[in-house]
Amino acid sequence: MTNLVSTDACDTDSPVRLGVLGAGWFASRRHIPDAVAHKQVSLEALCRRDDAARAKLAAHFQIPTERAYADWHRMLDEVELDAVLIATPNHLHYEQAKNALERGLHVLLEKPMALHSAEAHALVALAAAKNVKLGVALNPPFWAHCHQVRRALRDPNMGALESATMYWTGSAEYVFGRAPAPENLAGIVPPTMFRADPEQNGGGYFQDGGSHLVSELLWVTGLRVRRVSALMDAVPADMRIALSLEMENGAVVTLTSIGNSHFATRRVRNIFGAEHGSVTVINFEFDTTIMLNGQEHRRFKEADLMPVAGPIANFVDSICGRGKLFSTGEHGAQVVEVIEAAYESATTGRVVTLPDPAVKPEFAVAAAV
């Protein structure tokens with residue numbers, strides 16, 4: 001059936017009706033609990049192909065059996081919804097988001113929003129044509145310290161960005177099928193191994209964890225990437241990458257991402273250097289120091305700050321007109337552009353120049369018509 005339900009449902013008596021495509025390990029740990037806890041969200045249906053996992057998730061989140069679907073087409077046809085969360089394997093994102101947007105549904109996509117930049121821009125154009133919200137659940141826009149870093153780097157007193165270095169290491173080998181799962185792994189159901197298949201994942205570790213690093217760079221600086229040069233340990237099934245970037249203002253950036261580190265904990269060291277100051281972020285406590293010439297240094301950790309709205313809460317706020325999306329479809333598409341260029345560079349051994357943002361991809365224009 002064609003969904004003609006109003007999306008102005010923004011009070012507790014008539015909440016936003018949400019369906020979940022890809023009710024799996026991660027969604028069941030973060031997005032679905034956030035939706036259930038939100039007073040203006042009604043979790044109407046979920047979709048999961050595996051029978052046993054679907055039954056377990058439906059029982060846990062109190063979804064009637066008849067609204068726990070194996071076929072996402074049927075779910076969208078049969079259930080009246082205002083919005084969907086899509087957290088399926090990466091290669092399914094574009095088709096599912098396109099279908100939902102065409103029905104006039106608001107869409108919150110897990111990262112990456114698509115495997116190809118033309119598809120990502122097509123989704124942005126389609127959401128605009130349908131006048132619905134399209135958000136992407138990349139982490140940095142939902143971290144409080146990134147909001148502080150964003151303000152600092154955009155302060156005119158800071159001056160233009162000159163350089164940045166981003167360094168992240170950790171171990172995600174188990175979700176790529178390369179190591180046993182950790183003991184006492186959190187979650188209602190275990191993760192599937194779609195990331196171990198480059199065709200489903202769209203690449204290796206950089207497609208997965210690297211999306212967040214690229215998101216942080218673009219989101220806090222407000223700059224787009226002009227040129228990309230990448231070195232990967234294996235293409236397309238990478239676990240280690242070194243990336244060199246040139247930003248649109250001439251700033252240079254190096255990015256190192258390792259997903260199979262044997263170090264016991266995650267390591268983070270991000271440094272943003274501007275004309276009149278710098279920002280440094282250390283380790284997963286996000287111990288942040290903001291230095292501006294002539295002013296006292298500011299230092300804080302993520303835990304010291306008031307939390308910002310998470311993906312579900314921000315998505316609902318945007319639907320209800322109470323605020324703007326932190327992580328828009330356009331931001332998600334810019335991240336996809338860089339990731340796509342990185343894999344092209346690593347494959348060809350060449351520097352890749354990104355398209356002029358003023359020129360819309362033909363695919364995106366066609367999708368909006």
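Bear in mind these aren't lab numbers, they're just calculated from the coordinates by the rules spelled out. On a predicted model such as this, the values are computed, not experimentally measured, just so you know. Positions of Cβ are generated from backbone atoms using ideal geometry, with glycine treated the same way; all protein chains shown enter the neighbour counts.
Annotations
- Crossing angle, helix 117-130 versus the chain [Cα axis fit, 0-90 degrees, rounded to tens]: 50 degrees
- Pairwise label distance in nanometres, MET306 with ARG350, each label 7 Å out on the Cα-Cβ vector: 5.1 nm
- Once Rg and the Kirkwood radius are both taken over the C-alpha atoms of the chain, their ratio Rg/Rh works out to 0.96.
- Using a Gaussian network model of the chain in which every pair of alpha carbons under 10 angstrom is joined by a spring, one finds that among VAL214, VAL228, VAL79 the greatest mean-square fluctuation is at VAL79.
- Rounded to 10°, Cα long-axis angle of helix 93-102 versus longest principal axis of the chain: 60 degrees
- Placing pseudo-labels 7 Å out from each Cα toward the beta carbon at ARG299 and ALA129 gives an inter-label distance of 5.3 nm.
- Extension gain from ALA179 to ALA70, taking 0.36 nm per residue of separation minus the Cα-Cα distance: 36.3 nm
- Acute angle (nearest 10 degrees) that the helix 329-348 long axis makes with the longest principal axis of the chain, alpha-carbon atoms: 60 degrees
- Listed as lacking a disulfide-compatible partner in the chain: CYS47, CYS146, by the criterion of no other cysteine Cβ under 4.7 Å.
- Using the Cβ-Cβ distance between GLU199 and ARG266 with R0 set to 30 Å, the FRET efficiency from 1/(1 + (r/R0)^6) comes to roughly 0.60.
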